[in-house]
Amino acid sequence: MARQSANNGANQAAAGKGVTFTRQAAQRIAKVVRAVEGGNRNQPGIVFDHPMPSSGGGGIMFRVATFTGSWGINSSKTVTFVNQTNTPNTASVSNLYFDYPEPSSSVTCGIAKEGTAWYLIDVPIEYATAVFAEETNLTSFVTNIDISASLNTTNCAITVNKTVTTGEAVFIVPESTFTAQFLTFKVD
């Protein structure tokens, strides 16, 4: 058995012990190296299968797209791919998970393709904060007072009239409030 060894520094997997080949294996490797080095340098290099599937192949593919209008659960909608001008640049996409309300403009979304079917997987969301109160008070208050006076010159009597206008308001007791954050669809 012939011993062929290479030391590539600290990153070497064999930790400086080298790699051992049989004579026949070393001769096959040398033969391939000579064939490659003597070949046409203008040819492309060796290509291995890429882990990402091609647009026509199987597997899962993610794309960013836009759509307009509301989108109901268990329905399909035609979306337009972002940053793709060559056709076809649209796809029919199924929404399996949630109703999306009517936006005022187009919405950017994430879609995924599994096999030959496209699915909606993400839409814009935003945080909203709500204030809740456990206790409120209804209070009446004066909003306006109208006073008028008239003089009766026959009997020298003065008549004064007063009209009071009131209103009501609900006041939140400050010690009873709390806030909560929740997710909602971002609809412009």
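The values are calculated or read from the model by the stated rules, or taken from the named source; none is laboratory data. Every value quoted in this text rests on a predicted model; they were computed, and no experiment measured them. With ideal geometry, Cβ positions are generated from the backbone for all residues, glycine too; neighbour counts draw on all protein chains shown.
One line per residue, one yes/no per condition, for (1) farther than 19 Å from Val123 by Cβ; (2) over 26 Å from the mean Cα position of the chain (by Cα); (3) at pLDDT 90 or above:
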residue	(1), (2), (3)
Asn7	yes, yes, no
Ile29	yes, yes, no
Lys77	no, no, yes
Gln84	yes, no, no
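With respect to (1) at pLDDT 90 or above; (2) exposed (fewer than 10 other Cβ atoms within 10 Å of the Cβ); (3) within 22 Å of the chain's Cα centre (by Cα), the lone exception for Lys162 is condition (3). Take Asn89 and tell me if it is exposed (fewer than 10 other Cβ atoms within 10 Å of the Cβ) and either modelled with pLDDT of 80 or more or assigned by TED's automatic domain parsing to the domain that holds Val170 (or both). It is false that Asn89 is exposed (fewer than 10 other Cβ atoms within 10 Å of the Cβ) and either modelled with pLDDT of 80 or more or assigned by TED's automatic domain parsing to the domain that holds Val170 (or both). Might you check whether a residue that is in contact (Cβ under 8 Å) with a residue 12 or more places away in the chain and loosely packed, with under 10 Cβ neighbours inside 10 Å occurs anywhere in the stretch 70-80? For the stretch 70-80, residues in contact (Cβ under 8 Å) with a residue 12 or more places away in the chain and loosely packed, with under 10 Cβ neighbours inside 10 Å: present. Out of the residues in the stretch 176-188 meeting the condition of being under 18 Å from Ala130 (Cβ atoms) and not in a strand (DSSP E or B), tell me which one is modelled with the highest pLDDT. Checking each candidate, the answer is Lys186.
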